Amino acid sequence: MALLPIPIPSDIDQRPIPADWQERIANALGRIEAFQDRWDRPQIEQFVAADFRHLFQALHWVRASQTMIGNRFLEWGCGFAVVAAIASQLGFDAIGIEAESDLLRQGARTVQDWDVPVELIHGNFLPRGAESLADDPMLPSLGHDVPSAYDVLGMDLDDFAIVYAYPWPGEDDFHESVFDRFAATGALLLLFCGPNDIRLWRKQRDR
């Protein structure tokens, strides 16, 4: 692959978060917990909240330290759209893609509560043909029976400067392969792979 890893400072989680951001993130986490505790509807098994405080710190660092090929930010599987909302507040033109309608409605509430200009799209975040890059046909990212979000947007993955995702365990290699195949040269991929495990790559030109 032509992905160059970019080390994120080990002390990134020590960087201060403004009080208003702390409050917004805490409120979002409270809503997520209440959503997951509901008994009157089936659980969405693939929805797990990331560490939004750590992601705020990482995105703030990326915004300040990395050369960008543009300003468009894309969140794959945005759920409550918290990361897309953070990106918007940091000055990115943020878009979130989500296949689950219930989650998309929750994401719209986040966008409204935070009063940020985030565009949310109901659809599949995988570009057409991306499924062929998967080694395992049972990966959770596969098989979403919803239209391609890129058709709705009228854009392709290579129109984005930075893509963020929280891959299910075992899916990180697949997400990297999809980004490597379809993203623009110079674009960034940010993955939350678990507690204290945030990874960043830049797509390089093939040699």
Additional length obtainable on full extension of the chain from Gln112 to Glu131, 0.36 nm per residue less Cα span: 3.5 nm
Selected from Gln14, Gln57, Gln106 as most flexible by GNM, with the chain as the system and alpha-carbon contacts under 10 Å: Gln14
Computed [θ] at 222 nm, deg cm²/dmol, the chain (DSSP H ≥ 4; -39,500 (n - 2.57); rounded to nearest 500): -10500 deg cm²/dmol
Those residues of the stretch 167-193 whose amide nitrogen sits under 18 Å from the label point placed on Gln204, 7 Å along Cα→Cβ: 176-190
Sulfur and carbon atoms: percent of accessible area, the chain [1.4 Å]: 46 percent
Selection from Thr67, Gln36, Cys78 lying farthest towards where the dipole of the stretch 1-126 points positive, charges on Cβ: Thr67
Lys/Arg +1, Asp/Glu -1 at C-beta; the stretch 121-207 dipole; positive extreme among Leu200, Tyr150, His122: Leu200
Three-way shape call for the stretch 119-180 based on the alpha-carbon gyration tensor, with the a/c threshold at 1.5: prolate
Longest to shortest principal axis, alpha-carbon extents of the chain, angstrom: 49, 39, 30
Positive dipole terminus of the chain, leading residue within Leu103, Ala183, Pro16 (C-beta point charges): Pro16
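The values are calculated or read from the model by the stated rules, or taken from the named source; none is laboratory data. In this text the structure is predicted, and so the values were computed from the model without any measurement. Positions of Cβ are backbone-derived with ideal geometry, glycine not excepted, and every protein chain shown enters the neighbour counts. When the accessible area is computed, the model is the full protein with side chains, heavy atoms only, and any ligands, DNA or RNA have been set aside. Shrake-Rupley method; radii C 1.70, N 1.55, O 1.52, S 1.80 Å.
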